[in-house]
1. Taking the condition at pLDDT 95 or above, aliphatic (A, V, I, L, M), in the same structural domain as residue 110 (by TED's automatic domain parsing) and within 14 Å of the ligand (Cβ to nearest atom), does residue 63 pass?
2. If residue 34 passes every condition in (1) at pLDDT below 95; (2) buried (at least 16 other Cβ atoms within 10 Å of the Cβ) but one, which one does it miss?
3. Checking residue 11 against (1) near the ligand (Cβ under 8 Å from one of its atoms); (2) among the basic types (Lys, Arg); (3) under 28 Å from residue 187 (Cα atoms), only one condition comes out false. Which one?
4. Given 94, 22, 113, which one is without any contact (Cβ under 8 Å) to a residue 24 or more places away in the chain, within 14 Å of the ligand (Cβ to nearest atom) and surrounded by 12 or more Cβ atoms within 10 Å (Cβ to Cβ)?
5. Filter the range 25-49 down to residues that are closer than 22 Å to residue 100 by Cα and out of contact with any Ser or Thr (no Cβ under 9 Å at 6 or more places or on another chain) and give me whichever is farthest from the ligand (Cβ to nearest atom).
6. If you take the residues in the range 107-119 that are assigned to a strand (DSSP E or B) and over 9 Å from residue 137 (Cα atoms), which one is farthest from the chain's Cα centre (by Cα)?
Amino acid sequence: PVVAHPAIRNRGTFGGSVALADPASEFPAMTLALGAEIEIAGPAGHRRVKADDFFIDLFETALQPGELITAIHVPLFRADQRFAFDELARRRGDYALAGCGMLATCAGARIDDIRISFFSVGNTPTRVKGVEATLIGARLDAERIAAAQGALEGDLAPPDSDEVPPAMRLHLARVLLGRLLGRLGEGA
Ligand SMILES: Cc1cc2nc3c(=O)[nH]c(=O)nc-3n(C[C@H](O)[C@H](O)[C@H](O)COP(=O)(O)OP(=O)(O)OC[C@H]3O[C@@H](n4cnc5c(N)ncnc54)[C@H](O)[C@@H]3O)c2cc1C
């Protein structure tokens, strides 16, 4: 429901969005958060590429000339996992100024594994591995969430833009990260 408006959603496709790799789009970033694999068919046959290896640069992907995305494989959601997603946009349906999705594998209150992916913060959808490292093996209390927010600057380098200066985008990303980790801590 956060992707544009009904008319766009009725025509746009999951594969088209991932192939286009707009860094402001939700689906490409969520393939990263979910650890998805992109199935590609081309003149040389079929191959599968991890989302982590698929997005190369601005609107540039691992797709070669003549290749098509034919499927996107998303691992099944498990009972020990928690997911949170949100974005900040000026108006509902607009591309986000910053957005984030995360998937955590938990043992009770402890995070055993987490994948966090941002969109609208750089040239590609962006996993924040430094932030992830601060959370693995930890419990989500206020202190840990603040440490994760502090680590964000090392993972993100938002591009300069007249409308949204990098410092503002980084601030929005920090706010989102704090909110979403708070929701994960409550069992989102
Ligand atoms: C007004 C407006 C608002 C929008 N807002 C948002 C938004 O908030 N969030 C968001 O994520 N998107 C948004 N979009 C983009 C929309 O979701 C696009 O439709 C989508 O990103 C592209 O998907 P598509 O299926 O239409 O692909 P197309 O536009 O048909 O294709 C995009 C590109 O990918 C190629 N392609 C398509 N399918 C494949 C495939 N299977 N394999 C290989 N290459 C392929 C095409 O050749 C083309 O180069 C918006 C679009 C509009 C017009």
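The values are calculated or read from the model by the stated rules, or taken from the named source; none is laboratory data. None of these values were measured; they are calculated from a predicted model. We place every Cβ from the backbone using ideal geometry, glycine too, and count neighbours over all the protein chains shown.
1. no
2. (1)
3. Against the list (1) near the ligand (Cβ under 8 Å from one of its atoms); (2) among the basic types (Lys, Arg); (3) under 28 Å from residue 187 (Cα atoms), residue 11 comes up short only on (3).
4. Result of the check over 94, 22, 113: 94.
5. By that ranking, first place goes to 35.
6. Filtering first and then ranking leaves 107.
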